[in-house]
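Report on the following structure.
Read the figures in this text as sums done on the coordinates, not as results from a lab. Fair warning: this is a prediction, and the values are worked out from it, not measured in the lab. Here the Cβ positions follow ideal geometry from the backbone for every residue, glycine too, while neighbour counts run over all protein chains shown.
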Amino acid sequence: MARVDGEALLKRLPPARGRLAANAPLADLTWFRTGGPAEVFFSPADEADLAAFLTATPADIPIYVIGVGSNLLVRDGGMPGVVIRLGKGFSGLRLEPESRIRAGAAVLDVRVARFAQEHGIDALTFLRGIPGTIGGALRMNGGAYGGETKDILVEARAVDRSGMLRVLSNSDMHYAYRHCGAPEELIFTEALFQGWPGDPATIAAAMDKITESREATQPVKTRTGGSTFKNPPGQKSWQLIDRAGMRGFSIGPAKVSEMHCNFLINEGGATAAQIEELGETVRRRVKETSGIDLEWEIKRIGVADGNV
Ligand SMILES: Cc1cc2nc3c(=O)[nH]c(=O)nc-3n(C[C@H](O)[C@H](O)[C@H](O)COP(=O)(O)OP(=O)(O)OC[C@H]3O[C@@H](n4cnc5c(N)ncnc54)[C@H](O)[C@@H]3O)c2cc1C
């Protein structure tokens, strides 16, 4: 049984043009396919709807934004407050002069990579390797195959908790490896990226290579959250996990991937608690065998279920 109860919260929220729902399941909105519901779920119609909603929402109500949940573990008791997911009204994608591309925060990274390739723009190719949205890439400084978001970002548009629109330059994002230092409360709505001219056929070949390499080395067709832990400086998390003897280790249907042991997998029916416990067990064993503290890259959100 979930701990959150959204009907009462819904009554405290302002009306909106987008969809508002109480006690909305989130499991199917995450790659792990597990976890509890959102107390209230909101899918704003567009940026103005989002801003007006935030302005009128009492400040004590927690707000959390999700993308397509490829880096999230939602705990079994669900998410208190309002979970926001950007949809159609944030899916613009357009070419700008001087090899720039403007993309809405709900657009998939893969789609932006393809759009850049079709328009002969290089430097955004790495986005082919990240199965999230532009909003998620901005927050995570998503990166793959030698590129990361901070290398291509000119500016990001965002709405803050009070509903104010803000534009952040690359340096305002305070990027580091898989980290963005911009205020946690910001909901990114759009990004402007800088590429350079390239040959569409060459870019397409590079993208195909990324696709092949991912399919050969990562369990991309399973219920997973991608890399579980950040790589410690000068080390690879998967090697530390392998050396700790954790490849293939499982707790119920939650399993350390045999293919890539920095990936945790839900083999079917795993609770978020089992997946989190598995991750913590891996961290403990790595600490015992190598002395290194692994840091979660996956965002664990929400509350644990009392019944687990
Ligand atoms: C098979 C697999 C492979 C992966 N490979 C890679 C990889 O190579 N490189 C890599 O970097 N990542 C990888 N990931 C992790 C994940 O895809 C990235 O972190 C991605 O950027 C997350 O995007 P998302 O839309 O799914 O965000 P979510 O997982 O939904 O959210 C992640 C974080 O972003 C925040 N967020 C999402 N949207 C917004 C927004 N609009 N405004 C503000 N914050 C927002 C959320 O609050 C949360 O903190 C992989 C994941 C999987 C499942």
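Sorting 191-199, 92-100 by their mean Cβ neighbour count within 10 Å, with the most densely packed peptide first, gives 191-199, 92-100.
Spin-label model, Leu95 to Asp199: label points 7 Å out along the Cα-to-beta-carbon direction sit 1.9 nm apart.
The ratio of the alpha-carbon radius of gyration of the range 99-150 to the globular-protein estimate 2.2 N^0.38 Å is 0.98. Each listed q (0.14 Å⁻¹) maps to a log10 I(q)/I(0) for the range 190-248, found by the Debye formula over equal Cα scatterers with no solvent: -0.68.
Each Lys and Arg adds +1 at its Cβ and each Asp and Glu adds -1 at its Cβ; summed about the Cα centre, the chain shows a dipole of about 340 debye. With a simple spin-label model that places each label point 7 Å from the Cα along the Cα-to-Cβ direction, the separation between Lys287 and Glu215 comes to 4.0 nm.
Exposure proxy for Phe249, Phe188, Phe53: other Cβ atoms within 10 Å of each Cβ, ordered fewest to most, give Phe249, Phe53, Phe188. Volume per residue for the chain equals 127 cubic angstrom (convex hull of Cα atoms).
In the chain, with Lys and Arg counted as +1 and Asp and Glu as -1 at Cβ, which of these residues, Gly142, Val110, Val286, has the Cα nearest the positive end of the dipole, that is, farthest along it? Going by the charge dipole, the pick is Val286.
Roughly what % of Cα-Cα distances in the range 47-146 sit above 16 Å, to the whole percent? Considering the range 47-146, 62 percent of its Cα-Cα pairs are separated by more than 16 Å. Here the convex hull built on the C-alpha positions of the range 80-224 has a volume of 122 cubic angstrom per residue. Using the alpha carbons alone, the radius of gyration of the range 1-86 stands to its Kirkwood radius in an Rg to Rh ratio of 0.95.
Counting neighbouring Cβ atoms within 10 Å and putting the fewest first, the residues Val154, Val282 line up as Val154, Val282. Where the convex hull is taken over the Cα atoms of the range 213-308, what is its projected area averaged over directions, in nm²? Reported value for the Cα convex hull: 6.5 nm². Our coupling estimate for the range 28-43, obtained by passing each phi through the Karplus curve with A = 6.51, B = -1.76, C = 1.60 and θ = phi - 60°, is 6, 9, 10, 5, 6, 6, 8, x, x, x, 8, 4, 9, 10, 9, 10 Hz, Gly and Pro reported as x. Considering the range 128-203 at the alpha-carbon level, its Rg and Dmax are found to be 13.1, 45 Å. What pairs from Lys88/Lys255; Lys150/Lys255; Lys230/Lys287; Lys255/Lys287; Lys236/Lys287; Lys230/Lys255 go past 23 Å between their alpha carbons? Table pairs above 23 Å Cα-Cα are Lys88/Lys255; Lys150/Lys255.
Could you calculate the FRET efficiency of Arg33 with His119 from 1/(1 + (r/R0)^6), where r is the beta carbon distance between them and R0 is 35 Å, rounded to 0.05?
0.50
Of the residues Ile134, Ile66, the one with the fewest other Cβ atoms within 10 Å heads the list, and the complete ranking is Ile66, Ile134.
Please compute the net charge surrounding Cys261, taking Lys and Arg as +1 and Asp and Glu as -1 over other residues with Cβ under 9 Å from its Cβ. So the surrounding residues net to -1. Label positions at Ser250 and Arg111, each projected 7 Å from the Cα along the C-beta direction, are separated by 3.5 nm.
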